[in-house]
Amino acid sequence: MKREIITTGDGSKTIHMPEWNEQYHSKHGALQEALHVFIEMGLKDTLSRKREQTQPISILEYGLGTGLNAMITAQFPTEHSIYYTAVEAFPIAVSEAVEVNYGQLLGNQVLYEKLHQCEWEQSVQLTDQFTIKKLEKKFDQINDVSRFDIIYFDAFGPRVQPELWTVDIFNAAFKALKPEGILTTYCAQGQARRNMQEAGFIIERLPGPPGKREMLRGRKMT
């Protein structure tokens, strides 16, 4: 499928797919969306609840894509070690990552290139606090149990890939979370919300990033 680089509303870039009229990130602002949905409503929420604890934070990302979410998580200042697992069925080329150029935008080109160049299926420590394992597989192959504190659910939207937003997919995500874990996503579609609820999530409707009125966060209470 054809992919092209576009500039979003906040000046950061993303990958656009003309056939689907869909982007890897919000056209209103790729960086702003990632920071709001996954850092503000995901990582910071978890760290605030675990401020008295010293255990590592484990994160599962559905859809590594451009690596933006992983990059801003790796740079986030925290005393907690972060173990980050990223699932991607169709990895982008390193040349595309260089063209999107989040490394320059975020002030660490070396870290961004290492993120994309490190071996798949291997745990790689990129900073003192951040270790990543990239897995080239589909969402329906995820079968972890009570392993993660946070899920970044960053699949392409249900308009173009409804099969990524089903009850079965969310059942697996629910099982993969530890008790009190959270799933955070930019999406606020009604059917996606109902599918998350059927899988067992307690749903919060939260203010969305620029260009979106709402987003969703699901909690696993047991």
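Comparing 182, 150, 202 in a Gaussian network model of the chain, where Cα atoms under 10 Å apart are tied by springs, the biggest mean-square fluctuation is seen for 202. Computed in the context of the full set of protein chains, the accessible area of the stretch 112-222 at 1.4 Å probe radius has 45% of its extent on carbon or sulfur. Given the stretch 148-222, what whole percent of its Cα pairs are spread farther than 14 Å? Roughly 55 percent, rounded to a whole number. Amide H to amide H distances under 5 Å link residue 84 with 59, 131, 132, 133, where only residues 5 or more positions off or on other chains count and H is placed in the peptide plane. How compact is the stretch 28-143 by the rule of thumb for globular proteins, expressed as Cα Rg over 2.2 N^0.38 Å? Here the Cα radius of gyration is 1.03 times the empirical estimate. Between 17, 71, 196, the residue with the greatest mean-square fluctuation in the GNM of the chain (Cα pairs under 10 Å linked by springs) is 17. Over the Cα atoms of the stretch 57-100, the radius of gyration divided by the Kirkwood radius equals 1.01; this is the Rg/Rh ratio. Dividing the alpha-carbon radius of gyration of the stretch 91-201 by the rule-of-thumb value 2.2 N^0.38 Å gives 1.21. Label positions at residue 90 and residue 51, each projected 7 Å from the Cα along the C-beta direction, are separated by 4.3 nm.
Put a dot 7 Å past the Cα of residue 147, heading toward its Cβ, do the same for residue 6, and the two dots end up 3.5 nm apart.
A Förster radius of 22 Å combined with the Cβ-Cβ distance from residue 191 to residue 20 puts the calculated FRET efficiency at roughly 0.75. Around the amide H of residue 13, modelled in the peptide plane, lie the amide H atoms of 8, all under 5 Å away and 5 or more residues distant in sequence or on another chain. Straight-line cross-link partners of residue 50 among the aspartates and glutamates, defined as a Cα under 13 Å from its Cα and at least 8 positions apart when in the same chain: 79, 149, 180. In order along the stretch 120-137, the phi-based Karplus estimate (6.51 cos²θ - 1.76 cosθ + 1.60, θ = phi - 60°) of 3J(HN,Hα) comes to 6, 6, 10, 6, 10, 8, 8, 9, 4, 10, 10, 10, 10, 10, 9, 10, 8, 7 Hz; Gly and Pro are listed as x. Calculated on the Cα set of the chain, radius of gyration then Dmax: 16.1, 48 Å. Between the C-alpha center of the stretch 2-19 and that of the stretch 93-172 there is a gap of 18 Å. Across the stretch 46-70, the residues whose backbone nitrogen lies under 15 Å from the label position 7 Å along the beta-carbon direction of residue 137 are 60-64. Using the Cβ-Cβ distance between residue 163 and residue 99 with R0 set to 45 Å, the FRET efficiency from 1/(1 + (r/R0)^6) comes to roughly 0.95. Using equal-weight Cα scatterers in the Debye expression, the normalised intensity of the stretch 6-59 in log10 at q = 0.16 Å⁻¹ is -0.59.
The values are calculated or read from the model by the stated rules, or taken from the named source; none is laboratory data. Only a predicted model underlies this, so the values are computations on that prediction, with no experimental measurement involved. A quick note on method: Cβ atoms are made from the backbone with ideal geometry, for glycine too, and the neighbour counts reach across all protein chains shown. Accessible surface areas use protein heavy atoms only, side chains included; no ligands, DNA or RNA. Shrake-Rupley method; radii C 1.70, N 1.55, O 1.52, S 1.80 Å.
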